[in-house]
Amino acid sequence: MSEHLIKLRDAWPQILDGIGITLVLTVGGAALALVVAIALGLLARFDNILLRGTARVFIEFFRGTSLVVQLFWLYFVLPRFGVELSAIAVGIFALGLNYGAYGAEVVRGSLNSVPAGQWEATTALSLSRTQRMWRVIFPQAWALMIPSLTNLLIQLLKGTAIVSIIAMADLTFMIDKLRQDTDTFFAYTVGLLLYFALASLLTLGMNALEIRAKHKLGRGDSLRSALSFSSSASRAGKGVA
Amino acid sequence: MNSRPLWDWDAAWEVLPLLLEAFITVTLYVTVVSSFIAAVLGLVLAIARRSSPRPISALIGLVSNVIRMTPIVVQLLFAYYIFLDAEPLLIGVIIFGIHYATYMSEVYRAGIDAVPAGQWEAATALSMSRRRTWGAVIVPQALRATVPALGNYVISMFKDTPFLIAITVTEVVRAAQTYGGNHFTYIEAITLTGLIFLLSSYPTSLLIGRLEKRLAYTN
């Protein structure tokens, strides 16, 4: 066991490189997915059948054809059309388009769940379409959609592991190298715990975003007071006194 | 360089039977068997978590969380290298079953929590055994609302089966990749694979959406 730990220490810089690639794929994929999700989610609510239809076709296509197929299509077929992307770009595109399509449904659903009175109020205040969306409706929908987006972000992080099959030195790849130096049980336990730690950190970050989004709507504590346990404890103490 | 056409119908017709064979014998097979394992094991996990003493139920919770929040690819590789003698397909079926059981147990848990407290009290008042309380009162009521959510997980498992590539199982995407590599043309095989997934998952998700609406009305 202790010699495994020494091997782990020696391999640690490489594992950190692997975590770096995994994070680049996760953050890059998530950023693209967010843009795709908001764009398609907004388009899917238009009355115009052409705009709505285009959005629906995109959403159903990327949700329905499986991440790995999209990854392979971008990696093996796209060069036939003269477009050669690096492996990391292929990974980010496939993850972003696939999870963006799932996210579009979340965005659309959350926009629909903003109470009708809010929409009517914007009309009463004669706000423009853009003001209505970005100043009133979207901030409320954003607070609603964060929990579902958190789930998708964890799914995306887990999806990055398959990208190692198109020759990327991500965390999964580095764990497999560690396995060759130590043993399967040790290396993969370390690997699972590292992924678990990454997923937990992402979840914490998203929870902080949710607290902030709700606070901006006037619900709940600000992020700062939610983070400082002492101040909330002293407030509770005052309440009792 | 591009002497051959972009899309070659002969290649498409040649590869289609190979893809369909891999699709039926591996992709659908894994989906069906693993869904069954996941549905049963998920229910067992949900009940065990609720009716065990606290430390045990916390342990079950922690283990399911780790399984749920880590990549299935890593879990597949882990099991593949530990059980090198086992058939990769068997490992795939079991790992998919376990991974999705942790998702499904959350669905069951929500369903069980939604059964009104009065039902538990009534079962106690009628001095039913624990076994009968679960089997005749709680589970039947909890299951009804969970069907659409379980169905959605079956679809997402179906679309995850290509991850089996990582442990050399020849499911439909690997069949396409192999054909593409041998014939120096990937476009037909990989495009057809995408279409096969789309044509099977989209109608199924429409059906589940309708089922969801129907159950919502009758409740």
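Restricting the search to the stretch B:111-133, which residues are under 25 Å from B:ASN152 (Cα atoms) and surrounded by 14 or more Cβ atoms within 10 Å (Cβ to Cβ)?
Within the stretch B:111-133, B:GLY111, B:ILE112, B:VAL115 meet the criteria.
Among the listed residues B:VAL137, B:VAL169, identify the single one that is out of contact with any strand residue (DSSP E or B) (no Cβ under 8 Å at 6 or more places or on another chain) and in contact (Cβ under 8 Å) with a residue 60 or more places away in the chain.
From the options B:VAL137, B:VAL169, the qualifying one is B:VAL169.
For the stretch A:29-48, does any single residue satisfy the condition of being within 14 Å of chain B (Cβ to nearest Cβ) and touching a residue at least 24 places away in the same chain (Cβ under 8 Å)?
yes
Right, A:ARG219: part of a helix (DSSP H, G or I), surrounded by fewer than 17 Cβ atoms within 10 Å (Cβ to Cβ), charged (D, E, K, R) and out of contact with any strand residue (DSSP E or B) (no Cβ under 9 Å at 6 or more places or on another chain) or not?
Answer is no for this residue.
What number of residues within the stretch A:49-86 are among the aromatic types (Phe, Trp, Tyr), more than 8 Å from every other protein chain (Cβ to nearest Cβ) and under 30 Å from A:MET133 (Cβ atoms)?
The qualifying residues number 2.
With respect to B:THR193, determine if the residue is in contact with an Asp or Glu (Cβ under 9 Å, 6 or more places away or on another chain), among the hydroxyl-bearing types (Ser, Thr, Tyr), facing another protein chain (nearest Cβ under 9 Å) and buried (at least 22 other Cβ atoms within 10 Å of the Cβ). Show your work before the answer.
Values: in contact with an Asp or Glu (Cβ under 9 Å, 6 or more places away or on another chain): no; among the hydroxyl-bearing types (Ser, Thr, Tyr): yes; facing another protein chain (nearest Cβ under 9 Å): yes; buried (at least 22 other Cβ atoms within 10 Å of the Cβ): yes.
Answer is no for this residue.
Condition check: among the aromatic types (Phe, Trp, Tyr) and either in contact with a Phe, Trp or Tyr (Cβ under 9 Å, 6 or more places away or on another chain) or more than 14 Å from chain B (Cβ to nearest Cβ) (or both). Does A:PHE173 satisfy that? Don't jump to the end; show me each part of the working.
Numbers: among the aromatic types (Phe, Trp, Tyr): yes; either in contact with a Phe, Trp or Tyr (Cβ under 9 Å, 6 or more places away or on another chain) or more than 14 Å from chain B (Cβ to nearest Cβ) (or both): no.
Taking the combined requirement at face value, the residue does not satisfy it.
In the set A:ILE6, A:ILE92, A:ILE59, A:ILE38, which member is under 25 Å from the mean Cα position of the chain (by Cα) and surrounded by fewer than 23 Cβ atoms within 10 Å (Cβ to Cβ)? First the steps, then the outcome.
Working: A:ILE6 fails: under 25 Å from the mean Cα position of the chain (by Cα); A:ILE92 fails: surrounded by fewer than 23 Cβ atoms within 10 Å (Cβ to Cβ); A:ILE59 fails: surrounded by fewer than 23 Cβ atoms within 10 Å (Cβ to Cβ).
The conditions single out A:ILE38.
For the stretch B:173-202, enumerate the residues that are closer than 16 Å to A:PHE76 by Cα, without any contact (Cβ under 8 Å) to a residue 24 or more places away in the chain and touching a helix residue (DSSP H, G or I) at 6+ places or on another chain (Cβ under 6 Å).
B:VAL173, B:GLY180, B:TYR186, B:ILE190, B:GLY194 - these are the residues of the stretch B:173-202 that are closer than 16 Å to A:PHE76 by Cα, without any contact (Cβ under 8 Å) to a residue 24 or more places away in the chain and touching a helix residue (DSSP H, G or I) at 6+ places or on another chain (Cβ under 6 Å).
So, B:ILE187, is that one within 9 Å of another protein chain (Cβ to nearest Cβ) and either in contact with a strand residue (DSSP E or B) (Cβ under 6 Å, 6 or more places away or on another chain) or among the hydrophobic types (A, V, I, L, M, F, W, C) (or both) or not?
On the way: within 9 Å of another protein chain (Cβ to nearest Cβ): yes; either in contact with a strand residue (DSSP E or B) (Cβ under 6 Å, 6 or more places away or on another chain) or among the hydrophobic types (A, V, I, L, M, F, W, C) (or both): yes.
Yes; evaluated as a whole, the condition is true for this residue.
Among the residues in the stretch B:6-18, are any touching a residue at least 60 places away in the same chain (Cβ under 8 Å), under 24 Å from B:VAL169 (Cα atoms), surrounded by 19 or more Cβ atoms within 10 Å (Cβ to Cβ) and within 23 Å of the chain's Cα centre (by Cα)?
Taking every residue of the stretch B:6-18 in turn, none turns out to be touching a residue at least 60 places away in the same chain (Cβ under 8 Å), under 24 Å from B:VAL169 (Cα atoms), surrounded by 19 or more Cβ atoms within 10 Å (Cβ to Cβ) and within 23 Å of the chain's Cα centre (by Cα).
Does A:GLY53 satisfy being among the small types (Gly, Ala, Ser), touching a helix residue (DSSP H, G or I) at 6+ places or on another chain (Cβ under 6 Å) and assigned to a helix (DSSP H, G or I)?
no
For residues that are within 9 Å of chain A (Cβ to nearest Cβ) and assigned to a helix (DSSP H, G or I), tally how many sit in the stretch B:59-78.
Residues that pass the stated criteria total 10.
Could you tell me which residue of the stretch B:159-184 is surrounded by the most Cβ atoms within 10 Å (Cβ to Cβ), considering only residues that are facing another protein chain (nearest Cβ under 7 Å) and among the aliphatic types (A, V, I, L, M)?
Checked the stretch B:159-184; the qualifying residue surrounded by the most Cβ atoms within 10 Å (Cβ to Cβ) is B:VAL173.
So how many residues does the stretch B:81-135 have that are in contact with a helix residue (DSSP H, G or I) (Cβ under 6 Å, 6 or more places away or on another chain), part of a helix (DSSP H, G or I), farther than 18 Å from B:VAL63 by Cβ and hydrophobic (A, V, I, L, M, F, W, C)?
Looking only at that region, the number is 4.
Which residue out of B:ILE56, B:ILE24, B:ILE37 is among the hydrophobic types (A, V, I, L, M, F, W, C), farther than 26 Å from B:LEU198 by Cα, more than 13 Å from every other protein chain (Cβ to nearest Cβ) and part of a helix (DSSP H, G or I)?
Within the list B:ILE56, B:ILE24, B:ILE37, the selection yields B:ILE56.
Tell me whether the stretch B:203-216 contains one or more residues that are touching a residue at least 24 places away in the same chain (Cβ under 8 Å), more than 14 Å from chain A (Cβ to nearest Cβ), under 24 Å from B:LEU43 (Cα atoms) and in a helix (DSSP H, G or I).
Yes, some residue in the stretch B:203-216 is touching a residue at least 24 places away in the same chain (Cβ under 8 Å), more than 14 Å from chain A (Cβ to nearest Cβ), under 24 Å from B:LEU43 (Cα atoms) and in a helix (DSSP H, G or I).
Test B:ALA142 against the stated conditions and say whether it is among the hydrophobic types (A, V, I, L, M, F, W, C), part of a helix (DSSP H, G or I) and more than 10 Å from chain A (Cβ to nearest Cβ).
yes
Any chance the stretch A:180-197 includes a residue that's surrounded by fewer than 21 Cβ atoms within 10 Å (Cβ to Cβ), within 14 Å of another protein chain (Cβ to nearest Cβ) and among the charged types (D, E, K, R)?
Checking the stretch A:180-197: at least one residue is surrounded by fewer than 21 Cβ atoms within 10 Å (Cβ to Cβ), within 14 Å of another protein chain (Cβ to nearest Cβ) and among the charged types (D, E, K, R).
No lab work stands behind these numbers, since they all come straight from the coordinates. The model shown is predicted, which means the values in this text are computed figures rather than measured ones. Cβ atoms come from the backbone with ideal geometry, glycine included; neighbour counts cover every protein chain shown.
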